[in-house]
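Every number here is computed from the coordinates shown, using simple stated rules; none is lab data. Quantities reported herein were computed from a predicted structural model and do not represent experimental measurements. Positions of Cβ are generated from backbone atoms using ideal geometry, with glycine treated the same way; all protein chains shown enter the neighbour counts.
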Amino acid sequence: MDPIRSVVVVGAGLAGARSAETLRAGGFHGPIRIVGAESHLPYERPALSKEYLQGRKERDSVLVHPAAWYEQQGVEVLAGRRVTRVDPGDQVVGLDDGRQLAWDAILIATGSRPRRLGVPGEDLAGVLHLRTLDDSDRLRQTLESVQRLVVVGAGWIGLEAAAAAREAGVAVTILERAELPLVAVLGPEVAAVFADLHREHDVDLRLGVEVASLVGSAGAVTGVALGDGQVVPADAVLVAVGATPRTELAADAGLDVDSGILVDAALRASSPGVWAAGDVAEAFHPLLGRRIRVEHWDNAREQGVAAARSILGEDVAYERLPYFYTDQYDLGMEYTGHVVPGGHDQVILRGDVPGREFVALWLSHGRVLAGMGVNIWDAMDPVRDLVNSRRVVDVKRAQDPTIPLAEL
């Protein structure tokens, strides 16, 4: 492979910024250009549905690096620009202003976009999504002026936004088609904890419902029509039904794409000189023995580092377990591991579940696949060790909360 003299990063998010940081720290002195469609410097997203949305963090606090860092490091950020074409053969990218950027290595870190409902009325004023910094600003302003918010979707973003709205004094209704919030991720035993949590905070949580349309008056949303004909009144509606990876550029470039851009354990795509990281990457995981795509902050953060090390020629195998966290009201939670829906045969709950201070372990044939600590902050390291060990644990000992996780 020819020496790498210049790097282009498509996507000015956390993965892209971390890759630039790692390239410079690793001794790469050539041009680095980060291209992003948003007008902002790269920023981190977790606070957009938590502290920033609640007004407890300032805008500059979510930036990955201050503006001066990019100048000092010689990293060019082309903000407000869209990449229209990636050409692996000629090793150029085309921009929406007609410019072309040459590269020896390219990292595609285009992230994902909010999934739409696909029902009538979704374009009415007052229908919001939460993905970007501007989205969070709009929702924050909305919460200052409305009395009733309807959230469609009881995933992580929907639940965190609902908690922020309740703490702002807004009445909240959550509409979810599944029988419990987060049930596909957590299973019924743990999902019920989040259902109880929101109901205790006076959220009108409606489960097993279908949204037929969004209804409005004078171009603005006024309610959500359900499949049974009932209309739920709303001053604003937040649609939080998941995200779709931005794979179009990769597919048009002839790269192998499935549910994301297919990459190996070193985050290399199917064409030489091309890497992918973050939400858009469907990466082979050595421990799990298959490709997975992870839509979480920690994955973008760490894959950006790993991709840069791989570009630098290091022997890289990205095998970090998926990790995510949430904060809702007085509940803080951390989770690590990977469980596909229906992929476990047992859930062990250790601690005070009604008091929301416990550890959950998901097992298959005695092996720990994942674990979660709720308001317990020293569980992740031993859980990570249990998952990585691939060993069968003594289930009776695992069920005994007096036996430390590290001794299982």
FRET efficiency for residue 137 and residue 396 from the Cβ-Cβ distance with R0 = 60 Å, rounded to 0.05, comes out at 0.70
Would you give the gap between the C-alpha center of the range 1-57 and the C-alpha center of the range 280-296, rounded to a whole Å?
21 Å
Give the relative contact order (percent, whole number) for the chain; include only Cα pairs under 8 Å separated by 6+ residues.
14 percent
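Multiplying the sequence separation of residue 25 and residue 69 by 0.36 nm and subtracting their Cα-Cα distance, what value in nm do you get? Before the final figure, lay out each step's value.
On the way: separation 44, 0.36 × 44 = 15.84 nm, distance 1.27 nm.
Between residue 25 and residue 69, full extension yields an extra 14.6 nm.
What number, in nm² with one decimal, is the all-direction average of the projected area of the convex hull of the alpha-carbon atoms of the range 230-270? Don't skip to the answer; put the middle values down first.
Numbers: hull surface 21.0 nm².
Its Cα hull, projected and averaged over all orientations, spans 5.3 nm².
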Once each part is reduced to its C-alpha centroid, what is the distance from the range 314-375 to the range 216-246 in angstrom?
32 Å
Plugging the Kirkwood radius over Cα pairs into Stokes-Einstein for the range 332-407, at a temperature of 25 °C and a viscosity of 0.890 mPa s, what D comes out in µm²/s?
201 µm²/s
Please arrange 87, 345 by counting, for each residue, the other beta carbons lying within 10 Å of its beta carbon, fewest first.
345, 87
By Cβ neighbour count within 10 Å, fewest first, 263, 339, 83 rank 339, 83, 263
Identify, among 388, 336, 101, the residue whose Cα sits farthest towards the positive end of the charge dipole of the chain, taking +1 on the Cβ of Lys and Arg and -1 on the Cβ of Asp and Glu, with the dipole about the Cα centre.
101
Between residue 96 and residue 385, what is 0.36 nm times their sequence separation minus the Cα-Cα distance? Round to one decimal in nm.
99.4 nm
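Any idea what the alpha-carbon Rg over 2.2 N^0.38 Å comes to for the range 194-285?
Numbers: Rg = 20.5 Å, N = 92, 2.2 N^0.38 = 12.3 Å.
Normalised Cα radius of gyration, the range 194-285: 1.68.
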For the range 116-241, just list the percent of Cα-Cα distances falling in each 5 Å bin from zero outward, please.
2, 12, 23, 25, 21, 13, 4, 1, 0
Counted neighbours (other Cβ, 10 Å), sorted fewest up, put 176, 58 in the order 58, 176
Can you compute the radius of gyration and Dmax for the chain, using only the Cα atoms, both in Å?
22.2, 65
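Can you tell me the length gained on complete extension of the stretch residue 145 to residue 184, counting 0.36 nm per residue apart and subtracting the Cα distance? Show your work: numbers first, answer last.
Values: separation 39, 0.36 × 39 = 14.04 nm, distance 3.37 nm.
The residue 145-residue 184 span can extend by a further 10.7 nm.
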Say a paramagnetic label sat at a point 7 Å from the Cα of residue 357, along Cα to Cβ; which residues of the range 184-210 have their backbone N under 19 Å from it?
193-194, 197
Average Cα contact separation per residue, the range 116-241, under 8 Å, 6 or more apart, as relative contact order %:
37 percent
Using the basic label-point model (7 angstrom from Cα toward the beta carbon), what is the residue 375 to residue 87 distance in nanometres?
6.0 nm
Name all residues of the range 347-369 having a backbone nitrogen under 17 Å from the label point set 7 Å from the Cα of residue 196 along its Cα→Cβ direction, giving them as ranges.
347-361
